[in-house]
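The values are calculated or read from the model by the stated rules, or taken from the named source; none is laboratory data. These figures come from a predicted structure and were not determined experimentally. We place every Cβ from the backbone using ideal geometry, glycine too, and count neighbours over all the protein chains shown.
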Amino acid sequence: MYYAVSNIVITRKRYLLPGAIFASLSLFILSHVFGLYVKYFIPKVSEYCWLASFVVLMFWLVFLARIIILGGMINSIIMEYFTGVKPIIRDQQLYLWMKNKKEKLELKRKK
């Protein structure tokens with residue numbers, strides 16, 4: 001997921017592992033903590049059970065998104081630390097490629 005969907009270009013796949021491991025372990029812990037929360041809290045609120053379930057689901061989705069984004073940030077920071085090169089944004093890479101092609105076409109037309 002971090003290789004295909006990431007906003008930056010990851011040069012080697014070994015830089016994907018730390019963020020993926022962090023996200024996997026965090027999601028595992030988050031799911032168990034929210035499972036315990038739902039198990040012990042929701043039955044106590046019998047009148048508003050559907051509302052409490054909805055709120056808990058929204059919190060879980062927010063935390064899930066933050067963990068996934070944090071895993072991607074960890075990958076980016078680790079890659080920058082070990083390579084010493086700032087990550088290239090995918091749109092920027094496409095822009096530079098198109099600019100390079102355009103310059104080559106203009107050079108051919110001038111000749």
Seminar exercise, completed: Scanning segment 83-111 residue by residue, those touching a helix residue (DSSP H, G or I) at 6+ places or on another chain (Cβ under 7 Å) and surrounded by fewer than 12 Cβ atoms within 10 Å (Cβ to Cβ) turn out to be Lys86
Seminar exercise, completed: Those residues of segment 55-111 which are of a type in the set (A, V, I, L, M) and more than 23 Å from Ala23 (Cα to Cα) amount to Val85, Leu94, Leu96, Met98, Leu105, Leu107
Problem set entry | Candidate set: segment 1-15, residues that are surrounded by fewer than 12 Cβ atoms within 10 Å (Cβ to Cβ) and under 11 Å from Met79 (Cα atoms); chosen: the one modelled with the highest pLDDT | Arg14
For this session: Considering every residue within segment 61-81, establish whether at least one is of a type in the set (Ser, Thr, Tyr), in contact (Cβ under 8 Å) with a residue 12 or more places away in the chain and closer than 18 Å to His32 by Cβ.
Result: no
Exercise. Pairs under 9 Å by beta carbon, first residue more than 19 Å from Ser31 (Cα to Cα) in segment 43-60, partner part of a helix (DSSP H, G or I) and at pLDDT below 75, six or more apart or different chains?
Worked result: Val45/Ala52; Cys49/Ile42; Cys49/Pro43
